[in-house]
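Engineer: Starting off with a structure, shown below.
The values are calculated or read from the model by the stated rules, or taken from the named source; none is laboratory data. As the structure is a computational prediction, the values presented were derived from the model and not from experiment. All Cβ positions, even for glycine, are placed from backbone atoms using ideal geometry, and neighbour counts span all protein chains on display.
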Amino acid sequence: MAIRWECLSRGPRTTLVQALAGVWTDRHSEEKRRGITIKLGYADAIILKCPSCPPPDCYFTLAMAGGWKCPKCGSEAEFVRKVSFVDSPGHERLMATMISGASLMDGCVFVVAANEFCPQPQTREHFAALEIIGVRNVVIVQNKVELVSREKALENFRQIKRFIGGSFAEDAPIVPVSAVFGVNLDALLQFMEEHIPNPVRDPGKPLRMYVARSFDVNKPGTRPEDLVGGVIGGTIIQGRVRVGDEVEIRPGVAVKGKFEPIYADVVSLHAGDVWLEEALPGGLIGVGTRLDPSLTKADGLIGNVVGSPGTLPPVREDLCIELHLMDRVVGSEELSRVENVRVNEALMLNVGSAVTVGVVSSIRSGEVEVALRRPVCAEDGQRVAVSRMVSGRWRLIGWGIIC
């Protein structure tokens, strides 16, 4: 399964994931060192359970234990499941990337810093994004408890409870954690197991995969005869894919100003360091192809949808959206009232892992027509996150259903 890792605290936001998974993959290391990572990061973790120890002591990950034996009693551990973490950048300027990451996820570990007032503007915005996209399985982490007194931690806990009161996450567990000292990570894993179940999927449906990253894995100076095809990465939403399958990728690439679908043979599949012959829904998958790597380099295929040829939804240059606006603009200190959209207004739309900007062409009885600058592959009934420019920033103002 896939779990979205939503970290809203300041400082390095990979600490918790590194504590659980041991490693962190981010292709933009220079940006990461400067603290402004703008791409999705990701890591896999294998959750294990000791048959002898009581909960929560019985839960740990392979990275935490350094092997398959319980670090507390030495018993041979039982495999529980493998999870994929996706870390979306938290900066307000990168909401589009955050929402794209959320669209891939089955659940959310929502991290709030114990040494900051809750909610911060970003906390409100990211929480609203979860509600809009439909992520409902949530575990809340109160991180950095080592930095505050007991009284401050309890006050921060009460702030979190007030913030989520009356929402879809009202009953979500709140786990105090110190990632630096490894405190309560076992309890966090227990709550993840109890509150973020594996969804039931039908592998017999046509293949659907949202592309969240794409790469040219060839190193500079590679000889032409040694070049390998481009790699696309993302999450399978339904169906399955096998090595040797042919897949279609929509909307594809722009040819003389018009987007054309592209086709590729699957030559490899991998989840983390594990090479697969077949991949099913859940988790993050890398798909090796024979595509020209110039098409996949620098995330060139982000936002595309992968499927069996002839089974994908249509490519849309215009969207009709049944629009639902929020009362207030979240993500800013002012919490200004959301005004109705206007004809000729530019809106940013998140459709699956795709991000596009469109101009409102008509409005009628709760529905808006939007002419897209970049087409999307989407089907009727799919959810769309809607943002508008407010004080020079894209701010989340509502959601819609494609009609």
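Engineer: Hey, among the residues in the range 58-84 that are touching a Lys or Arg at 6+ places or on another chain (Cβ under 7 Å) and part of a strand (DSSP E or B), which one's surrounded by the most Cβ atoms within 10 Å (Cβ to Cβ)?
Structural biologist: Ranking the qualifying residues of the range 58-84, first place goes to Y59.
Engineer: Any chance you could count how many residues in the range 383-403 are in a loop (DSSP other than H, G, I, E, B) and either β-branched (V, I, T) or touching a Pro at 6+ places or on another chain (Cβ under 8 Å) (or both)?
Structural biologist: Taking the range 383-403 first, the residues in a loop (DSSP other than H, G, I, E, B) are 391-392, 403.
Then drop every residue that is not either β-branched (V, I, T) or touching a Pro at 6+ places or on another chain (Cβ under 8 Å) (or both), which leaves none.
Within the range 383-403, residues that are in a loop (DSSP other than H, G, I, E, B) and either β-branched (V, I, T) or touching a Pro at 6+ places or on another chain (Cβ under 8 Å) (or both) number 0.
Engineer: If you scan the range 44-57, which residues turn out to be within 24 Å of G234 (Cβ to Cβ) and either part of a loop (DSSP other than H, G, I, E, B) or of a type in the set (G, A, S) (or both)? Explain how you work it out, then say what you get.
Structural biologist: Going residue by residue through the range 44-57, those that are within 24 Å of G234 (Cβ to Cβ) are 44-47.
Selection gives A45 alone.
Engineer: Quick one: is V359 of a type in the set (A, V, I, L, M) and either touching a residue at least 24 places away in the same chain (Cβ under 8 Å) or under 25 Å from G307 (Cα atoms) (or both)?
Structural biologist: Numbers: of a type in the set (A, V, I, L, M): yes; either touching a residue at least 24 places away in the same chain (Cβ under 8 Å) or under 25 Å from G307 (Cα atoms) (or both): no.
So V359 does not fit the description; no.
Engineer: Okay, moving on. Can you name the condition, by its number, that D299 falls short on among (1) in the same structural domain as G244 (by TED's automatic domain parsing); (2) within 21 Å of E379 (Cα to Cα); (3) of a type in the set (D, E, K, R)?
Structural biologist: Only one criterion is unmet by D299, namely (2).
Engineer: Looking at (1) among the small types (G, A, S); (2) over 25 Å from G366 (Cα atoms); (3) in contact (Cβ under 8 Å) with a residue 40 or more places away in the chain; (4) touching a strand residue (DSSP E or B) at 6+ places or on another chain (Cβ under 9 Å), can you tell me which one A254 breaks?
Structural biologist: Status for A254: all satisfied but (3).
Engineer: I'm checking my understanding of the structure. Among residues of the range 73-104 that are over 21 Å from W394 (Cβ atoms) and within 16 Å of the chain's Cα centre (by Cα), which one is modelled with the highest pLDDT? Break it down into steps so the answer makes sense when it comes.
Structural biologist: The first filter runs over the range 73-104 and keeps only residues over 21 Å from W394 (Cβ atoms), leaving 73-85.
Those still in the list that are within 16 Å of the chain's Cα centre (by Cα) too: 83-85.
On the way: V83: 87, S84: 82, F85: 82.
Checked the range 73-104; the qualifying residue modelled with the highest pLDDT is V83.
Engineer: Another question about this same structure. Quick check on my filter: what residues within the range 218-253 are part of a strand (DSSP E or B), under 19 Å from L312 (Cα atoms) and in contact with a Lys or Arg (Cβ under 9 Å, 6 or more places away or on another chain)?
Structural biologist: First pass over the range 218-253, keeping only residues part of a strand (DSSP E or B): 231-238, 241-242, 246-253.
Checking the rest, the ones that are also under 19 Å from L312 (Cα atoms) come to 232-238, 241-242, 246-253.
Correct list: I232, G233, G234, I236, I237, Q238, P251.
Engineer: How about the range 172-187: which of its residues are out of contact with any Leu (no Cβ under 8 Å at 6 or more places or on another chain) and either within 14 Å of A114 (Cβ to Cβ) or modelled with pLDDT of 95 or more (or both)? Walk me through how you get there before you give the answer.
Structural biologist: Of the residues in the range 172-187, the ones out of contact with any Leu (no Cβ under 8 Å at 6 or more places or on another chain) are 172-174, 176, 178, 180-184, 186-187.
Once the filter is applied, which keeps residues that are out of contact with any Leu (no Cβ under 8 Å at 6 or more places or on another chain) and either within 14 Å of A114 (Cβ to Cβ) or modelled with pLDDT of 95 or more (or both), the range 172-187 yields A172, P173, I174, P176, S178, V180, F181, V183, N184, D186, A187.
Engineer: Next question. Could you count how many residues in the range 372-403 are among the small types (G, A, S) and surrounded by fewer than 21 Cβ atoms within 10 Å (Cβ to Cβ)?
Structural biologist: Quick first cut of the range 372-403, residues among the small types (G, A, S) only: 378, 381, 385, 387, 391-392, 398, 400.
Remaining after also requiring surrounded by fewer than 21 Cβ atoms within 10 Å (Cβ to Cβ): 381, 391-392.
Here the count works out to 3.
Engineer: Hand me the list of helices (runs of 4 or more DSSP H) wholly inside the range 101-198 holding 1 or more residues that are of a type in the set (A, V, I, L, M, F, W, C) and in contact (Cβ under 8 Å) with a residue 60 or more places away in the chain.
Structural biologist: Values: elements: 121-133, 150-164, 185-195.
In the range 101-198, 121-133, 185-195 are the helices (runs of 4 or more DSSP H) which contain 1 or more residues that are of a type in the set (A, V, I, L, M, F, W, C) and in contact (Cβ under 8 Å) with a residue 60 or more places away in the chain.
Engineer: How about the range 318-349: which of its residues are without any contact (Cβ under 8 Å) to a residue 60 or more places away in the chain, outside any loop (DSSP other than H, G, I, E, B) and either in contact with an Asp or Glu (Cβ under 6 Å, 6 or more places away or on another chain) or surrounded by 17 or more Cβ atoms within 10 Å (Cβ to Cβ) (or both)?
Structural biologist: L347, L349
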